[in-house]
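Scroll down for the structure; my scribbles are underneath it.
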Amino acid sequence: MPVLCSACTEKRAVLKRPKTGHSLCKECFFWAFEEEVHYTIVAAQLFKPGETVAIAASGGKDSTVLAHVMKLLNERYSYGLKLMLLSVDEGITGYRDDSLETVKRNQEQYELPLKIVSYEELYGWTMDAIVKQVGLKNNCTFCGVFRRQALDRGAIILKVDKICTGHNADDVAETVLMNVLRGDVARLRRCTAISTASEGEGVVPRCKPLKYSYEKEIVLYAYFKKLDYFSTECIYSPNAYRGYARTFLKDLESIRPSSIMDIIHSGENLCVREGVKMPVQGTCKRCGYISSQALCKSCVLLEGLNRGLPKLGIGKHHRLHDKILSQQPLTEKEERKLKSVDF
Amino acid sequence: MCQVVEEYPDQLERADLPSVSKKCGKCKEASTAVVIRTADTYCRGCFKEYFVHKFRATLGKNRIIFPGEKVLLAVSGGPSSCAMLNQVQEGLNQNAHKKLRFLPGIIYIDEGCAVNQTVEERQRKVSELQAVFKAAGFPFHIMPLEQVLDLPNSVVVAAPSPSEQLASTYKAAVDHFIQAKRSNDLTAQDQEETSVPYVQESHTQRLQQLIGSAKTLTAREDLLNTLKQHLLVHIARSKGYSKLMLGDNCTRLAVKLLTSISLGRGAQLAQDTGFSDSRYGDIIVVRPMRDYSANEIASYNHMFNVPCVVIPSLNTKTPDRASVHCLTESFVTKLQVDFPSTVSTIYRTSEKLQTAGRSSISTNLCDRCLLCMCTMDTAVEKASAFQATQVSTQLSQAKPTGSKNTGPEQPTASGQCCSGAGTEGCGSGVGCCSSASVKTPDLKSLLCYSCQLTIKDMLSVEHLPAYILSEAQRRLRRFRMREDISEFLLDDGDEGGDV
């Protein structure tokens with residue numbers, strides 16, 4: 001006996017929603033998925049009419065679905081937004097070049113303007129070159145820190161008001177777990193926020209319209225909509241520690257499917273005790289980007305790369321910040337510590 | 001963000017093999033008997049001193065237990081709570097340095113019925129524990145979990161806390177106590193012979209039915225914990241204790257913290273895992289073992305022959321994936337092997353947290369969850385996980401078309417209108433709640449986020465103990481009353497905000 005769609009009670013159901021367990025037909029699932037994103041956008045007041053919004057597009061499933069849904073909702077509900085795609089080229093041969101091809105195809109399919117900013121033009125280093133110097137161990141630190149700033153710089157070039165990223169519910173829940181495992185209360189408090197407030201010069205507010213969308217539903221949506229996306233793991237990401245949190249989350253989801261939302265609910269309701277020391281936001285003395293230290297992380301990382309001391313930005317070397325700022329040479333002992341690259 | 005070492009090399013470092021030096025790291029004389037962490041090696045004497053000091057330091061630092069106060073120790077027979085019992089015994093010892101000055105009693109809850117033990121098995125365990133408790137020399141109470149079926153409604157109502165005992169008055173209280181009781185010998189309390197209450201077989205069956213009505217082990221464990229907690233608080237109240245000591249150790253609390261997060265109990269984290277928990281008002285829950293790791297306790301119990309009794313629990317011999325609790329435990333334990341600072345890092349996170357809205361202790365007592373008695377966390381803004389889930393559920397269901405949704409067999413529909421804040425929705429909520437049946441009130445609106453999940457996993461709520469159901473009805477009636485007169489009320493809270 002065919003299962004009927006629980007929403008329209010007419011058509012045959014083709015899928016079981018991972019989020020709620022309901023059986024739905026294709027159309028009802030599309031409708032529910034899109035309406036939920038719409039609800040999130042409206043409830044959290046993510047956009048104002050007339051704004052220009054950059055969609056951070058990597059070519060992966062999340063950003064492809066995000067671009068598709070944003071364009072669709074913008075038309076369906078007349079948000080009055082001017083949408084564009086913003087991509088970062090990290091310079092990873094065999095990975096990013098392929099995924100950027102997907103983004104270029106998306107650009108044509110969705111008729112949205114596309115801007116690509118590359119690590120090479122911004123920092124003078126491609127990830128390939130960085131990995132050559134740093135090795136496979138800490139390269140994600142470079143990539144992550146650089147990308148955050150690259151998106152902001154790209155957004156400023158495009159003169160957009162906001163950036164939206166494809167972070168989904170699984171990503172947010174995973175980050176909550178990661179921050180607990182690392183004891184990082186400052187990030188634990190921030191990571192569930194759906195949008196960042198305008199933090200100052202050179203920082204464009206960001207938001208996550210897919211914050212409450214399950215990763216599995218995003219894949220289902222892309223699958224049934226036959227969206228064109230690129231799915232390969234980055235060749236440089238061994239993902240060791242985060243991998244534990246991810247596996248744990250997937251296991252939790254298999255026991256109780258609502259776990260992902262439950263964890264986000266927990267994160268949203270956490271309260272940090274008064275008197276716990278929190279980092280104070282300032283600006284980088286070199287590039288003016290937001291930073292809690294004298295120098296922002298990407299300047300320190302870049303300095304390390306340029307001096308041939310890749311470990312400068314790995315771990316905490318705040319005491320050296322003054323030295324870097326005043327262009328003083330480091331002592332031999334300090335250099336030796338920062339040079340060692342272990343494979 | 002991704003790899004092993006990245007920005008937190010010292011925190012996530014892999015375990016080095018312990019460099020066992022022959023001598024104790026503290027006194028540098030005797031030979032090492034125990035290695036706690038890679039760097040800490042202790043001889044027998046120093047380990048004992050360290051262990052004992054930690055217990056008294058934890059109590060001393062927090063200044064929560066006043067001299068002469070009656071304190072109930074919840075002992076399950078496991079290593080952690082038995083070590084706690086042992087520490088209290090040591091601390092009350094005549095010639096103890098920094099002597100403890102409270103009056104302890106012991107409570108053991110026999111939950112054999114939850115794991116389908118036979119009467120004989122249960123009796124055997126009880127007599128084993130009785131021997132341990134008699135040796136300890138404190139008054140003790142042994143209660144079968146079935147007693148939870150006969151609890152009064154008051155258990156799930158937080159009692160107003162008695163005159164605020166502030167930490168600032170602690171010192172004066174101690175001085176006063178020492179002068180007054182100099183001649184009195186505290187430890188020589190009469191050990192009352194408490195007989196174990198007789199358990200009716202029908203009670204056992206009813207409780208088993210209740211536990212069985214939860215479809216998942218996760219919900220079953222949650223439910224059992226809640227019931228146990230209610231029973232503990234009730235016994236403490238009825239026997240005149242004002243503090244309840246639990247044996248949760250650091251490892252357990254780390255697991256509990258992650259479990260709580262996974263179950264959506266973020267708002268209650270600080271109360272669930274902190275040193276003290278005042279959600280019950282008059283009875284304060286205290287966790288003096290929270291600074292010990294499970295390893296430390298096991299070593300101590302082994303070296304100093306602290307007796308423990310092995311009691312099977314709900315998740316004994318279950319696979320890792322059986323419940324959220326089991327999974328989290330195995331996750332933390334396995335991670336701890338590779339990254340030895342896992343437990344302490346998670347545990348330290350808990351110290352930096354605070355319950356939302358805790359500052360207003362006078363929060364309306366009715367705004368507490370019916371089961372866990374924490375402040376409700378479901379009145380959240382529109383853009384939240386809770387609301388998003390409700391929207392998803394609504395969108396995945398057939399749209400109720402006016403005439404259809406009054407049917408009594410629509411649990412979700414009735415839940416919606418009761419939890420909805422709009423007056424309109426609540427009006428119809430009254431209809432469906434009362435028409436559903438008198439026996440099984442709709443609990444959803446009375447529960448916090450996480451307890452709603454537990455109840456959702458149950459086939460029916462009709463097996464819940466009477467005290468929960470009748471209190472639920474009382475609250476619903478009150479809620480309806482307030483709806484009826486809402487237009488005449490000037491303030492939102494029912495106690496009013498005036499002076």
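The values are calculated or read from the model by the stated rules, or taken from the named source; none is laboratory data. Nothing here was measured: the structure is a model prediction, and the numbers come from that model. Here the Cβ is made from the backbone with ideal geometry for all residues, glycine too, and neighbour counts use every protein chain on show. These accessible areas exclude ligands, DNA and RNA; they are computed on the full protein's heavy atoms, side chains included. Shrake-Rupley method; radii C 1.70, N 1.55, O 1.52, S 1.80 Å.
With respect to chain A, whose longest principal axis is taken over its alpha-carbon atoms, helix A:259-269 is tilted by about 60°. Does the stretch A:286-339 come out rounded, prolate or oblate, given a ≥ b ≥ c as the square roots of the eigenvalues of its C-alpha gyration tensor, rounded meaning a/c under 1.5 and, failing that, prolate meaning a/b above b/c? It is prolate, given that a/c is not under 1.5 and a/b is the larger ratio. Once the Cα atoms are used to define both axes, helix A:61-76 deviates from the longest principal axis of chain A by about 60 degrees. The mean count of C-beta atoms from other chains within 10 Å of the C-beta of residues in A:30-36, rounded to a whole number, is 3.
Judged by the mean number of other Cβ atoms found within 10 Å, the most tightly packed of the peptides B:374-384, A:262-272, B:306-316 leads the ranking A:262-272, B:374-384, B:306-316.
Quick check on my link table: of A:Lys250/B:Lys317; B:Lys243/B:Lys334; B:Lys70/B:Lys171; B:Lys125/B:Lys228, which ones sit more than 26 Å apart, alpha carbon to alpha carbon?
From A:Lys250/B:Lys317; B:Lys243/B:Lys334; B:Lys70/B:Lys171; B:Lys125/B:Lys228, over 26 Å: B:Lys243/B:Lys334.
Per-residue mean of foreign Cβ neighbours for B:266-279 is 2 (Cβ atoms of other chains, 10 Å radius). In this structure, the amide hydrogen of A:Ser291, modeled 1.01 Å from its nitrogen in the peptide plane, lies closer than 5 angstrom to those of A:Gly282, A:Thr283, A:Cys284, counting only residues at least 5 positions away or on a different chain. Once a ≥ b ≥ c are taken as the square roots of the eigenvalues of the Cα gyration tensor of the stretch B:232-388, is the result rounded (a/c under 1.5), prolate (a/b larger than b/c) or oblate (a/b not larger than b/c)? Taking the square roots of the gyration eigenvalues as a ≥ b ≥ c, the stretch B:232-388 is oblate. A cut-off of 5 Å between modelled amide H atoms, ignoring neighbours fewer than 5 places along the same chain, links B:Asp110 with B:Met143, B:Leu145.
Just to make sure I understand: if all protein chains stay in place, what is the order of B:Tyr347, A:Tyr223 by accessible area at 1.4 Å, largest first?
Working: B:Tyr347 20, A:Tyr223 155 Å².
Largest accessible area first, the list is A:Tyr223, B:Tyr347.
Quantify, in whole percent, the carbon and sulfur part of the accessible surface of the stretch A:286-339 (1.4 Å probe; protein heavy atoms only). Carbon and sulfur together cover 48 percent of it.
Near the amide H of A:Val272, within less than 5 Å, lie the amide hydrogens of B:Gln354, all on another chain or at least 5 residues away, with H placed in the peptide plane. Interface residues of the stretch A:130-150, defined as those with an accessible-area decrease of at least 40 Å² between the chain by itself and the complete set of protein chains (probe 1.4 Å), are A:Lys137, A:Cys140, A:Thr141. Springs join every pair of Cα atoms under 10 Å in this Gaussian network model of chain A, and among A:Cys191, A:Cys28, A:Cys143 the largest mean-square fluctuation is at A:Cys28.
Which percent of the accessible area of the stretch A:47-269 is formed by carbon and sulfur heavy atoms (probe 1.4 angstrom)? Of all accessible area on the stretch A:47-269, carbon and sulfur atoms account for 52 percent. Among A:Arg182, A:Arg246, A:Arg273, the largest mean-square fluctuation in a Gaussian network model of chain A (Cα springs under 10 Å) belongs to A:Arg273.
Classify the stretch A:47-269 as rounded, prolate or oblate from the Cα gyration tensor: take a ≥ b ≥ c as the square roots of its eigenvalues, call it rounded if a/c is under 1.5, otherwise prolate when a/b beats b/c and oblate if not. Taking the square roots of the gyration eigenvalues as a ≥ b ≥ c, the stretch A:47-269 is rounded. The mean accessible area for residues of the stretch A:286-339, using a 1.4 Å probe and ignoring ligands and nucleic acids, is 54 Å² per residue. Name the residue from A:Pro113, A:Tyr95, A:Val204 whose Cα lies farthest towards the positive end of the charge dipole of the stretch A:47-269, charges +1 on Cβ of Lys and Arg and -1 on Cβ of Asp and Glu. Farthest along the dipole direction, towards plus: A:Val204. Chain A and chain B together bury an accessible surface of about 5800 square angstrom, both sides counted, with a 1.4 Å probe and no ligands or nucleic acids included.
Per-residue mean of foreign Cβ neighbours for B:344-352 is 5 (Cβ atoms of other chains, 10 Å radius).
In Å², and per residue, what accessible area does the stretch A:47-269 have when probed at 1.4 Å with the other protein chains present? Dividing the accessible area of the stretch A:47-269 by its residue count gives 37 Å².
Helix A:96-110 and the longest principal axis of the C-alpha atoms of chain A enclose an angle of approximately 40°.
So which lysines pass the test for A:Lys226, namely a Cα distance under 19 Å, with those fewer than 8 places away in the same chain ruled out? Qualifying lysines at Cα under 19 Å: A:Lys16, A:Lys26, A:Lys61, A:Lys71, A:Lys104, A:Lys216.
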